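Below: the structure, in structure tokens.
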Amino acid sequence: MSIERVGVIGAGQMGNGIAHVCALAGYDVILEDLNADALKRARTTIENNLNRQAARNIIAADSVPAALARIRTSQNLDDMADRDIVIEAATEEEAVKRRIYQDLCPRLPGTTMLATNTSSISVTRLAASTDRPEKFIGLHFMNPAPVMQLVEVIRGIATDDATYQAALEIVKRVGKTAAYAEDFPAFIVNRILMPMINEAVYTLYEGVGNVDAIDTAMRLGANHRMGPLQLADFIGLDTCLSVMQVLYEGLADSKYRPCPLLVKYVEAGWLGQKTGRGFYDYRGEHPVPTR
């Protein structure tokens, strides 16, 4: 199965990162989003990130204009009709993803593969909401996609071998390493990472330490590059909560219960860096802990 034309749905942090690495690898890319401003921001982000990579000699300077030329933006799913694969990178809400597939599938020929960048939702269940479960697969790029080297590859129960092998080739071509994960809630990385973040929030909630103490302890005591609360802000507290809810509901184990303080921050709209406040306040010159 030859893949040369890639569609990416969703121009947020993950969508623009996936478009970036695919275009850099030589794929013809269409990045689709209903929001024109989101597409404009994504284009600017991709250009800035490519230039940053070139400045650090990670990529050749002349690869930047070539990669940008391979990315087109669109607000119309009809433009996905000629794609060999369409990668959905919408918000981590199952109902939203299902609606996208319902709108998308009638516009695609039967040969087009579908992939989801979900970080936690059942690939089998998402595949079942499409007209091509055998051509559906999970490709979970880590955030930020241009930097992180891992892609979790998740087969649904109906995914055929040709789709799986094509997915592995995509991962290889974009210069990443594939880790195969079974289709269980949150797969491998988030099954391990999100409960750690949730426990850090419980540690804050119970007053064991403040934000600065918890993050400093894990950076210096566990040699983590980023403290868990800082990492949660980077990921997005709404995404962290969504993954914990998937784990809690999917595995029915109380150890995955989302911390009430995490819920409260999301209810307040304090979702981390993207909203200016989370466990840190980013509105000033330097981030300041909010607790």
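Worth pointing out:
- Matching residues, region 99-127, being within 18 Å of residue 33 (Cα to Cα), part of a strand (DSSP E or B) and not hydroxyl-bearing (Ser, Thr, Tyr): 114, 115
- Residue within region 84-91 that is at pLDDT below 95, within 19 Å of the chain's Cα centre (by Cα) and of a type in the set (D, E, K, R) present: no
- Candidates are the residues of region 1-56 that are among the small types (Gly, Ala, Ser) and surrounded by fewer than 24 Cβ atoms within 10 Å (Cβ to Cβ); the one that is nearest to residue 90 (Cα to Cα) is 12.
- Across region 50-98, the qualifying residues are those that are assigned to a helix (DSSP H, G or I) and among the small types (Gly, Ala, Ser), and the one among them that is nearest to residue 244 (Cα to Cα) is 95.
- Considering only residues in region 225-261 that are among the hydrophobic types (A, V, I, L, M, F, W, C) and farther than 22 Å from residue 95 by Cα, the one that is surrounded by the most Cβ atoms within 10 Å (Cβ to Cβ) turns out to be 232.
- Within region 105-123, tally of residues that are of a type outside the set (S, T, N, Q) and surrounded by fewer than 20 Cβ atoms within 10 Å (Cβ to Cβ): 5
- Here the strands (runs of 3 or more DSSP E) wholly within region 136-203 that include at least 1 residues being of a type in the set (A, V, I, L, M) and within 22 Å of residue 242 (Cα to Cα) are 136-141, 150-155.
- Within region 255-291, tally of residues that are outside any loop (DSSP other than H, G, I, E, B), farther than 21 Å from residue 209 by Cα, at pLDDT 95 or above and out of contact with any helix residue (DSSP H, G or I) (no Cβ under 7 Å at 6 or more places or on another chain): 3
The values are calculated or read from the model by the stated rules, or taken from the named source; none is laboratory data. These figures come from a predicted structure and were not determined experimentally. Cβ sites come from the backbone with ideal geometry, for glycine too, and all protein chains shown count toward neighbours.
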